[in-house]
Amino acid sequence: MNATAIADFLQFFRSYISNPWQVSAIAPSGQSLARLMTQEIVPGRGPVIELGPGTGIFTKALIRRGVPERDLLLVEYGSDFVRLLQDRFPRARVLWMDARQLSQYERFKAPASAVVSGLPLLSMSPRKVIAILAGAFRHMQEGGTLYQFTYGPRCPVPRPILDRLGLKASLVGRTALNIPPASVYRIRRRHRSLAMS
């Protein structure tokens, strides 16, 4: 473990101790999960939004895949993480805000091709999950995909919420190499004509 990884772990752990419901994990995600979360994202198809980037492990994976840093919109609620992200990714747009407010944010000139979510949806109310998903899909192009990971045994977005928003979820894969083990789901619109506003 290098110095940056140790510093990230300590930062993450401090944030977890101060607000466990907001952070919902005692350590940042690992490389295995970062690869699984980003493996289907194709550079050049449009901007990518990341919800709850924390220390930026998924952000780094997106850049390694070839997504230009300037095409990243990082939405983070934790002020300590915001400063860290601004230092590490100076060409990305970093927003200090609650992800449920995303629908109130002005749309991209070019809609996002994908959203990568590190948010702890299982610890959120259904109303907040609906607001986050509606906001994310409002900023995505037709055919765009949201990638969400979970430590739970099934998709963290319950079927009634998916149905209400006209979405479908499918398993991308699982990784036992992450601590704790995690699964990644892809969430898409069911019908191309669906417009979320």
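The values are calculated or read from the model by the stated rules, or taken from the named source; none is laboratory data. Predicted model only: the values in this text are computed from it and were never measured. Cβ atoms come from the backbone with ideal geometry, glycine included; neighbour counts cover every protein chain shown. Protein only, heavy atoms only, side chains kept; ligands, DNA and RNA dropped before computing areas. Shrake-Rupley method; radii C 1.70, N 1.55, O 1.52, S 1.80 Å.
Structure summary
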item: Environment charge at LEU36 (Cβ cut-off 13 Å; Lys +1, Arg +1, Asp -1, Glu -1); result: +3
item: Virtual spin-label span in nm between ARG83 and SER125, 7 Å along Cα→Cβ; result: 3.1 nm
item: Amide H within-cut-off set for ARG65, under 5 Å, with H built and near neighbours excluded; result: none
item: From phi via Karplus (6.51, -1.76, 1.60), per-residue ³J(HN,Hα) for the range 113-125 in Hz, x at Gly/Pro; result: 8, 7, 10, 10, 10, x, 6, x, 4, 5, 9, 10, 6
item: Kirkwood-type radius of the range 69-120, with distances r between different C-alpha atoms, in Å; result: 11.8 Å
item: For VAL172, distant residues with modelled amide H under 5 Å away; result: VAL184, TYR185, ARG186
item: Inverse mean reciprocal Cα-Cα distance (Kirkwood Rh) of the range 43-132, Å; result: 13.3 Å
item: Probe 1.4 Å - accessible area at ARG186, Å² to nearest ten; result: 40 Å²
item: 13 Å beta-carbon shell around PRO68, net charge (K/R +1, D/E -1); result: +4
item: Extension gain from ARG174 to ARG159, taking 0.36 nm per residue of separation minus the Cα-Cα distance; result: 3.4 nm
item: Distance between the range 69-103 and the range 151-195 - C-alpha centres, whole angstrom; result: 23 Å
